[in-house]
1. With respect to A:Phe148, is the statement that it is touching a helix residue (DSSP H, G or I) at 6+ places or on another chain (Cβ under 8 Å), of a type in the set (Phe, Trp, Tyr), under 16 Å from A:Gly197 (Cα atoms) and away from chain B (no Cβ under 14 Å) true?
2. Scan region B:216-229 and give yes if some residue there is closer than 25 Å to A:Ile100 by Cα and either of a type in the set (A, V, I, L, M, F, W, C) or in contact with a Gly (Cβ under 6 Å, 6 or more places away or on another chain) (or both), otherwise no.
3. Kindly provide the set of residues from region A:77-105 that are surrounded by 23 or more Cβ atoms within 10 Å (Cβ to Cβ) and among the small types (Gly, Ala, Ser), ordered by number.
4. Would you please list the contacts, defined by Cβ atoms under 9 Å and residues six or more apart or on different chains, that run from a residue in region A:90-111 that is more than 7 Å from every other protein chain (Cβ to nearest Cβ) and without any contact (Cβ under 8 Å) to a residue 60 or more places away in the chain to a residue that is surrounded by fewer than 22 Cβ atoms within 10 Å (Cβ to Cβ) and assigned to a helix (DSSP H, G or I)?
5. Taking into account only those residues within region B:62-110 that are closer than 15 Å to B:Met276 by Cα and polar (S, T, N, Q), which is nearest to the chain's Cα centre (by Cα)?
6. If we keep just the residues of region A:75-89 that are within 23 Å of A:Phe221 (Cα to Cα) and at pLDDT 90 or above, which is nearest to the other protein chains (Cβ to nearest Cβ)?
7. For B:Leu135, state whether it is in contact with a helix residue (DSSP H, G or I) (Cβ under 8 Å, 6 or more places away or on another chain), buried (at least 21 other Cβ atoms within 10 Å of the Cβ), without any contact (Cβ under 8 Å) to a residue 24 or more places away in the chain and within 18 Å of B:Leu72 (Cβ to Cβ).
8. Here are the criteria: (1) within 11 Å of the chain's Cα centre (by Cα); (2) more than 13 Å from B:Leu283 (Cβ to Cβ); (3) aliphatic (A, V, I, L, M). Tell me which single one B:Ile40 does not satisfy.
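The values are calculated or read from the model by the stated rules, or taken from the named source; none is laboratory data. Remember, predicted model here, so these are calculated numbers, not experimental data. Positions of Cβ are generated from backbone atoms using ideal geometry, with glycine treated the same way; all protein chains shown enter the neighbour counts.
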Amino acid sequence: MNFLASVIVTSALYAMMASGFVVIYRASRVLNFAYGDVILLAGYLASTMAGFIGGSSVISHMIILFAAFLFGLVIYTLLIKPMAGQPAYSTIILTVALGILMQAFAVLTWRGQMKSVRLDWRAYIVFAGGLRLSSTEIIIIVTASAYFIALFSFYQFSKTGRQMRATAENPLLASQRSVNIYFVTGLAWAISIFSAGLTAILAGANYGVSLFIGHVAIKAFAVALVGGLDSLRGIIPAAFLIALAELTANTYVNPRLANTIPFIIMIIVLMTRPWGFFGTEEEIERV
Amino acid sequence: MKKKNYQKSSYLKTSIISDMAIIAFDTPFRRIWAVVGLLIIAVFPFLVTPFFMHIANLIAIASIGAMALNLLSGNAGLLSLGQAGFLASGAFTTAIMTVNFSMPFWVTIPAAGVVGAILGFIAGLPSLRLKGIYLGLSTLAMHYVITYACSEYQFWSGSNFGIVIKPPSIGPLVLADDRVWHYFLWIFVGIVGIFITNLLRTRPGRAWTAIRNRDIAAEVMGINIGYYKVLAFVVSTAIIGMAGSIYVYYTKVASIEEYSFILTISYLAMIISGGMRSVLGSLMGAFLITSLPYSLIYLFGLFEVSGVLKDYFFSLQSALFGLVIIVFLLVEPLGLAEIWRRVRVYFELWPFRYKPLSIIKR
């Protein structure tokens with residue numbers, strides 16, 4: 001029972017990270033390798049800000065989330081937009097470079113220490129059947145569910161969300177129907193970095209912020225790919241599958257295999273069904 | 001009447017033979033400089049301190065790997081994020097063969113090449129179905145699987161700080177001195193460089209260019225796409241495997257901690273800053289990226305920078321890599337080789353400003 005609960009908590013975090021990849025991939029067909037380092041930086045900032053401002057940590061977390069949203073827009077405007085027309089892998093390598101730049105900044109500032117993010121509510125709750133959850137884990141599950149409901153309904157019902165779906169399907173046609181591609185893509189980057197900030201706060205509260213968090217984000221690639229890089233629906237089952245496989249390997253074999261098993265699943269999916277569980281098949285350019 | 005010795009233009013090609021000549025030995029002027037360059041490499045070990053000797057050797061090893069990666073990601077256009085994994089496969093093949101079976105180096109280096117080629121074949125198979133980002137991700141997954149296998153070996157062999165490897169030897173001759181290494185390495189760089197240059201101007205190289213530009217058009221022209229894509233992987237990873245093997249012989253220790261994703265990034269930084277699709281660019285990029293951290297150390301020593309910066313040297317180094325990549329991608333995507341070409345063209349045409357019509361962008 002407790003094992004299942006920890007699988008659900010891990011998969012909630014993975015799902016939120018993977019949603020960041022998917023939102024950007026849908027908008028601009030680029031993978032954001034700087035994602036893990038954004039989470040690292042946001043986590044450190046969140047832990048420092050909370051101590052700096054004092055009082056309730058909710059205010060500082062709100063500031064962090066707002067700043068993350070703006071930071072996404074800034075990255076898009078300064079770095080990604082000028083790369084239009086270059087081959088996709090140049091842009092990917094650019095995000096890699098941005099990532100190591102941010103990581104170096106985080107290490108220089110916080111010296112690679114382990115920090116934890118403070119949430120105000122701290123308790124352990126025992127449910128029926130011996131299930132024991134900490135308050136942080138409950139917050140993670142509730143926030144992730146709320147975030148996904150908000151994201152889905154934004155894509156489904158709002159006008160901008162419809163424009164974003166149109167852009168994801170065919171940017172050329174969408175721009176001819178007077179969708180502002182730059183705005184839509186910039187918004188996608190902002191949403192993605194926002195979700196990175198959210199993940200940073202939640203993961204930082206549960207596991208603590210350390211350099212290891214970047215590696216967790218790379219595992220979220222596997223989640224995004226297994227679910228389908230252009231599919232938001234696929235994230236949740238993929239996150240559950242990968243979290244289950246990883247924690248099983250961690251319990252029964254060893255942690256080294258646990259760190260590798262997401263990539264083994266990813267290779268299997270790439271060999272058999274490269275568009276993922278729910279991705280569109282046309283997304284793969286056939287060779 | 002005295003015949004004047006005019007400089008031959010490098011654009012005027014009067015025969016197929018002159019068009020096919022390797023560009024470094026094109027004109028008398030270049031031939032002179034090629035000889036001077038070789039002489040510099042030959043006398044270099046007797047002029048410098050061991051510190052610079054060590055850097056020169058590291059540059060040589062890095063340029064082998066960079067040339068191979070450039071062949072794969074630049075010329076064939078197949079994004080590979082598995083460089084560190086392939087290097088690790090060469091390194092650990094060497095470790096297993098020397099420690100467990102005590103094989104000599106003239107067996108292990110080719111064996112590392114063969115293992116690299118097999119892994120490259122496996123990594124290349126997805127390229128039959130996948131393109132671009134998806135292929136990059138599959139090579140990234142390959143990197144994690146290889147490093148996992150290596151870390152299991154390192155864990156069970158009980159050497160957590162790395163496996164110690166004896167220096168290569170033939171009978172009583174032991175390759176231990178950095179100066180002897182210098183000649184060995186640069187001869188190897190020369191062989192690999194000429195091999196790749198020749199490969200690129202024969203059928204496989206032209207096929208890779210065609211596939212990179214437009215794969216459907218290449219297929220229409222009768223190129224077997226699958227074969228040449230896998231061939232690019234096999235050739236490149238075989239060389240990378242040998243480079244990994246030579247690297248552990250040189251540093252005398254194989255540790256999986258070294259082969260992280262950041263190593264892949266530094267190799268990508270080499271080919272981007274040096275110049276995609278250019279052998280000369282790979283050498284320039286390897287020089288720039290490898291010497292950058294050491295010039296930092298040198299500068300720190302010069303200005304007596306103490307404390308914080310020195311302690312966090314490695315993060316500063318990776319920050320520099322990031323900065324170099326971003327600047328080159330935004331300002332000059334074709335890298336140092338392109339800047340070099342432009343400078344050359346400027347002086348060749350001086351005092352005129354316009355290029356001859358037949359100028360080929362190399």
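1. Yes, satisfied.
2. Restricting attention to region B:216-229, the residues satisfying the condition of being closer than 25 Å to A:Ile100 by Cα are none.
No, that holds for no residue.
3. Correct list: A:Ala97, A:Gly99.
4. Once the first residue is more than 7 Å from every other protein chain (Cβ to nearest Cβ) and without any contact (Cβ under 8 Å) to a residue 60 or more places away in the chain and sits in region A:90-111, its partners that are surrounded by fewer than 22 Cβ atoms within 10 Å (Cβ to Cβ) and assigned to a helix (DSSP H, G or I) give A:Arg111/B:Val308; A:Arg111/B:Asp311.
5. Filtering region B:62-110 for residues that are closer than 15 Å to B:Met276 by Cα and polar (S, T, N, Q), the one nearest to the chain's Cα centre (by Cα) comes out as B:Ser63.
6. A:Ile75
7. no
8. Exception for B:Ile40: condition (1).
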